[in-house]
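Below is one structure, written out as structure tokens; comments come after it.
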Amino acid sequence: MNNYVEVKITDQDVARAKTLARARDAKKEKFGAGRHGNLSKSSEQSHTDGLYGEIAIAKYLGIELDAEIYDDHGDAGYDFIIGDLKADVKTATNGAAYMNPWLKVPAQYKKDQKKIDNCDIFIACYYNSRKSLAYIQGWVTKETLMNREKERIPLNKGGFGPWNYIVKKHEFKNIQDLALTHTK
């Protein structure tokens, strides 16, 4: 039994995610394309998938989605301020992530660590496109995340993916327990 929060992703949400993802992805000309997880996806699709989790959090908490596009740099490493906590949302789309979720935070580069340093908590989501549902699976503190050894996930084609911090479901805190006061 899980205690996920289900959030319906409407056609309007999908259109908003795709529009915002296109704008976020346009910066790849300047900064390069970032892709995590399924490396066969385009960087724009990676942005879109991530936005489904962000939209779910915004809808569930009744807060605004950060739609700002930064011309000279990436974002600050967090997606929301919830109470006084800077929160980064990580969204998985692989079906296995529903039953056996994990929170995977990139740790390959100095810029990854800089983003982690700017966050207080990390929220795990799963997006099921067939059902048009995002599931908020739980969250962890930066301390929990940083208490892990970096790991590399074996790739289907052989070799290993980039370094990540990984936290498993049994360590997630319930999203309903997240203190909600003011937000960004």
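The values are calculated or read from the model by the stated rules, or taken from the named source; none is laboratory data. Everything numeric in this text was worked out from a predicted model, so none of it was measured. Positions of Cβ are backbone-derived with ideal geometry, glycine not excepted, and every protein chain shown enters the neighbour counts.
Only one of L65, L61, L39 is among the hydrophobic types (A, V, I, L, M, F, W, C), at pLDDT 80 or above and more than 16 Å from A17 (Cα to Cα); which? It would help to see each step written out before you state the result.
Working: L65 fails: more than 16 Å from A17 (Cα to Cα); L39 fails: at pLDDT 80 or above.
Residue meeting the stated conditions: L61.
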Self-check item: Single residue of the stretch 105-117 satisfying the filter (part of a loop (DSSP other than H, G, I, E, B) and in contact with a strand residue (DSSP E or B) (Cβ under 6 Å, 6 or more places away or on another chain)) that is surrounded by the fewest Cβ atoms within 10 Å (Cβ to Cβ)
Solution: Q108
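Looking for something under 21 Å from D25 (Cα atoms) and either of a type in the set (D, E, K, R) or touching a residue at least 12 places away in the same chain (Cβ under 8 Å) (or both) - is there at least one such residue anywhere in the stretch 131-146?
The initial filter retains those residues of the stretch 131-146 that are under 21 Å from D25 (Cα atoms), namely none.
No, every residue in the stretch 131-146 fails to be under 21 Å from D25 (Cα atoms) and either of a type in the set (D, E, K, R) or touching a residue at least 12 places away in the same chain (Cβ under 8 Å) (or both).
Does Y165 satisfy the criteria of being buried (at least 20 other Cβ atoms within 10 Å of the Cβ), outside any loop (DSSP other than H, G, I, E, B) and touching a Pro at 6+ places or on another chain (Cβ under 9 Å)?
Values: buried (at least 20 other Cβ atoms within 10 Å of the Cβ): yes; outside any loop (DSSP other than H, G, I, E, B): yes; touching a Pro at 6+ places or on another chain (Cβ under 9 Å): yes.
Yes.
Which of the residues spanning the stretch 133-163 are of a type in the set (S, T, N, Q) and closer than 14 Å to P101 by Cβ?
Pass one, the stretch 133-163, residues of a type in the set (S, T, N, Q): 137, 141, 144, 147, 156.
Residue satisfying the conditions is Q137 alone.
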Exercise. Pick out the one residue from D88, D79 that is touching a Cys at 6+ places or on another chain (Cβ under 7 Å) and modelled with pLDDT of 90 or more.
Key: D88
Quiz item: Out of the stretch 1-26, which residues are of a type in the set (A, V, I, L, M, F, W, C), without any contact (Cβ under 8 Å) to a residue 60 or more places away in the chain and within 19 Å of L133 (Cβ to Cβ)?
Solution: M1, A15, A17, A21
